[in-house]
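The values are calculated or read from the model by the stated rules, or taken from the named source; none is laboratory data. Treat the numbers as computed from the prediction; the structure is a model and nothing was measured. Using ideal geometry, Cβ is built from the backbone for each residue, glycine included, and neighbour counts are taken over all protein chains shown. Side chains are part of the model used for accessible areas, which takes the heavy atoms of the whole protein and leaves out ligands, DNA and RNA. Shrake-Rupley method; radii C 1.70, N 1.55, O 1.52, S 1.80 Å.
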Amino acid sequence: MRTSGIEMELKLGFLLLCILYCTSAYRIRTEEEIANRENMLKHIDSFTELFISEYTNFTRTGIQTPTLESMMKMMQIPKEFATEEVGDLDAEAAIMTCVACRSTFALMLNQYRTGQRDREQLTQDSITLCLQLTSYSIIVCEGAVRKFVDIVLFIVDSRPSLTANQMCSIVLAPDCGDPDPIYDFTINVSPGQPITGPKTAFTPRNSNEMKILHFTDIHYDPNYLVGGFANCADPICCRRVNGLAPNPEDRAGQWGDYRSCGTPWQSVEDALRSANAQHPDADMVYVTGDYVDHGIWETTQAGNTQIFDRLYAMFRTVFGNKPVFIVLGNHEANPTNQFAPPHITDPNLATHWLYQHAATAWSHWLPASTQATIRRGGYYTALSPDSRLRIIGLNNNDCYNLNFWMMYSTDQIAEQLQWFHDTLLAAERAGEMVHVVTHMSSGGSSCSRWWSREYRRVIERFHRIIGAQFFGHSHQDDVVVFYARDQHTVAINAGWVGGTVTTHSGHSPNYNVYHVDRVHFQVNEKESWSYNMNEANLNPATSPVWRQLYQFTQHFGISNTSPASLDNFVSNILSRSRRLLTDYYGFRMSNSPFILARGCDDNCLRNSLCRIVSNEVSDNRKCDEIRNFPLT
């Protein structure tokens, strides 16, 4: 009776709280939603205690009680967890994923530290739980568990005080509680001029602009099979392992597929060649990471290296001697997302192999002065052909919430951010302007709260010399307006998110073109180029037709793209117009018919709005200010 009563109490508590919290389609939480989330988190410890008891009994007896069966059903992890950021999941899926994380990690820590289960037994238990809590195959579950188990156990052994709550608050932030303050850090930021108002500087359009191509999130899949199963239960489909699909509706297309599939080589090559043919006058190319497919359970150093080599060779072939500034994405590591500190030298754990390969491969485009920092951590700085513009290429994947090494140490993160600051300080003294090129934007939920805060402090200090920032990762074509930390309505900088070459997670392939002035080195105009996948696959023998999807300032009628002008557009125009927000949402998704068919209500539209003004984790002040204006 006691077990049944606790179970009913927990179910009722979760159901009542979900009425308050889980009905919103939003992604950036309001203050009320945050309070409701905290109330829900209070129930998890009781749930976890019961789950450990029930599952321990199950491993001892082999008998699964009705209570355990019910709890397992509640903790089912959605397939979308493998294809979306936690912050992009609907609220119910996010919080139940938190429940599953805390309960299973607490179980494993308890059994491992008390000696009840050794490494292999723990591995087998984890595989079983993966099969029970997801729809994935044994190949996926076993492959993923075995790839990550050594890193997790090394961290657990190194940090005997590490708790399940601490682990999950990092991996699933911000929907699984705030990270423990022990992970907090600060860097030294030099004093600068006080901010007295928004950044209004801009240079009118002229014939002397710089033209930059931007590619991101290519996700080339060597195992893509034209005609393969595009509908499958695994995180990525359309692969040789499943063979040809007998049903024509389930078959992967020649040029890719809107379902959960990677990118075939012919699409990678076509994107680069088409962009070069359409824009032969481009001055430079920015490439912001994620070249490897989503088959995270089977990646290898050798396999990833083959992907890099083929892709880098194609960039050299297509763009010749044109400067290419390239950075790493979270998928480049093996295991995926795992970027170890420099002092970790065990070849089964370390990331040195990736940095050494990048240093050698990128030397085709970058000077010898970049070698030391690339080999240490995958980041660098170099002057562009216009010697007034300095490029800073960051590797901010070490701040990624799914990088388990975050639980071990933040020293390497602080080291790179301090280098970032010091490099900007030297650029300021030399009278240079700067472009920042990196994989992840600082807002949303991809990077840790503390990194996000410190990165924003650096951007604020040097906002006058930073012409623009360029990001990838989200697969969504966006602009991000940066605001002063203590004056959240004062716009000081802008970042541009490049969309995606891959169709994985339903987007149409795209690349961006930026027209940049040669005084402030700000983006004066952005063009997005894309093609319709359904149309392309109707003509498999013919290359896709790339079309200009939109020009940012022309479509939205913006006079200029200074941070002040962008803020005025977002705060006073976009935030009040359902038509313009609908257009912006469509452009974010590269007008993918697969995604647009789902529709986007007003809450969904406002989420697009909030993404533009969010540049520090958990700072929703600007979002809260503009998200509730009536849409007309």
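Brief remarks on what is shown
- Point-to-point label distance, ARG576-ALA372, nm (Cα→Cβ direction, 7 Å offset): 5.4 nm
- Relative contact order computed over segment 95-207 (Cα-Cα under 8 Å; 6+ residues apart), in percent: 27 percent
- Segment 511-558 versus segment 471-492: alpha-carbon centroid distance in Å: 21 Å
- In this structure, the amide hydrogen of GLY253, modeled 1.01 Å from its nitrogen in the peptide plane, lies closer than 5 angstrom to those of GLY227, counting only residues at least 5 positions away or on a different chain.
- DSSP beta bridges in the chain [antiparallel fraction, %, rounded to 5]: 60 percent
- Remark: relative contact order (segment 503-570) = 25 percent; criterion is Cα-Cα distance under 8 angstrom and separation of 6 or more residues.
- Ligands, DNA and RNA are left out, and with a 1.4 angstrom probe the accessible area of the chain is 37 Å² per residue.
- Karplus-derived HN-Hα couplings along segment 484-495 (A = 6.51, B = -1.76, C = 1.60, θ = phi - 60°), whole Hz, x at Gly and Pro: 4, 5, 8, 9, 5, 9, 9, 7, 10, 6, 9, x
- If you count Lys pairs in the chain whose Cα atoms are under 19 Å apart, skipping same-chain pairs closer than 8 places in sequence, the total is 5.
- To the nearest ten degrees, helix 31-61 and the longest principal axis of the Cα atoms of the chain are 40 degrees apart.
- Taking 1.306 mPa s as the viscosity and 10 °C as the temperature, the Stokes-Einstein diffusion coefficient of segment 487-560 based on its alpha-carbon Kirkwood radius rounds to 109 µm²/s.
- For segment 257-308 versus segment 379-425, the inter-centroid distance based on Cα atoms is 23 Å.
- For the listed peptides 357-370, 148-161, a ranking on the average number of other beta carbons within 10 Å per residue, highest first, reads 357-370, 148-161.
- Viscosity 1.306 mPa s, temperature 10 °C, Stokes-Einstein D of segment 194-327 from Kirkwood C-alpha radius, µm²/s: 93 µm²/s
- Net charge of the neighbourhood of GLN121, taken over other residues with C-beta under 14 Å away and scored Lys/Arg +1, Asp/Glu -1, is +2.
- Whole-number percent relative contact order across the chain, with pairs defined as alpha carbons under 8 Å at least 6 apart: 14 percent
- Tilt relative to the chain, helix 578-588 - C-alpha long axis, 0 to 90 degrees, to 10: 80 degrees
- 3J(HN,Hα) from dihedral phi, segment 166-175, Karplus parametrisation 6.51/-1.76/1.60, rounded to Hz, x for glycine, proline: 5, 4, 6, 5, 7, 5, 10, 4, x, 8
- Peptides 503-515, 55-67 ordered by average Cβ neighbours within 10 Å, highest first: 503-515, 55-67
- Nearest-ten-degree value, helix 352-362 long axis tilted from longest Cα axis of the chain: 20 degrees
- One Cα centroid belongs to segment 149-170, the other to segment 604-620; the line between them spans 31 Å.
- log10 of Debye I(q)/I(0), alpha-carbon scatterers only, for the chain at 0.06, 0.07, 0.10 Å⁻¹: -0.31, -0.42, -0.90
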